[in-house]
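Single-structure report; data block below.
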Amino acid sequence: MTEIIPITPSDAEELAFIHQSFELPWENPWSLKSYQELLQTPQIIGLKNLQNKKISGYILAQKAYDTADILFIGVRPEFQSQGIGGQLLKHLERVLLSHGVKEVFLEVYKNNTIVVDFYKTYRYFNLSLRKNYYNTDLGAFDAILMKKDLLHV
């Protein structure tokens, strides 16, 4: 059985584990402490997809007045290509609209064409390039800033 429900602070350990399972050379994985602190922040809106009571994917956004930034979306490898990411994104957009959000922003590693195309499928568009946005031990990587207007879709 699949369901999408809000993330709670008690999910921090599992979210950190999922995040660390991705090999993203442009990003240092968030630590358990980072998740614990983030999930205590009132402006954070997070949703998780449960498959048989196990988190299969999640999405996190930070609300600021009438805008929001998507901080991370991730689906466990064994659950990818099943539409879970799209379900989470659409559900988050509905929640954000109910909180008065009009515009959503996010950054994507510019060479991660799969993810860029994923967001374009959901009507996000390229707004600008952020040079050296991701700074890691492997160097600095550029990001594409993307945007979606939730009121005029």
Region 54-121: antiparallel bridges as % of DSSP beta bridges, rounded to 5, reads 75 percent
Just tell me which aspartates and glutamates come within less than 12 Å, Cα to Cα, of LYS48; anything on the same chain fewer than 8 places away is out.
GLU3, ASP11, GLU14
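Rounded to the nearest 5, what is the percent of antiparallel bridges among the DSSP beta bridges in the chain?
Values: 36 of 39 bridges.
Bridges in the chain are about 90 percent antiparallel.
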Residue pairs, from the table LYS54/LYS120; LYS90/LYS147; LYS53/LYS148; LYS90/LYS110; LYS54/LYS148, whose Cα atoms sit over 25 Å apart
LYS54/LYS120; LYS53/LYS148; LYS54/LYS148
Inter-label distance for ASN112 and ARG94, nm, one decimal - labels placed 7 Å from Cα along Cα-to-Cβ
2.5 nm
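None of the figures in this text is laboratory data; all of them are computed from the coordinates on show. Everything numeric here is computed off the predicted structure, so don't read it as measured data. Cβ atoms come from the backbone with ideal geometry, glycine included; neighbour counts cover every protein chain shown.
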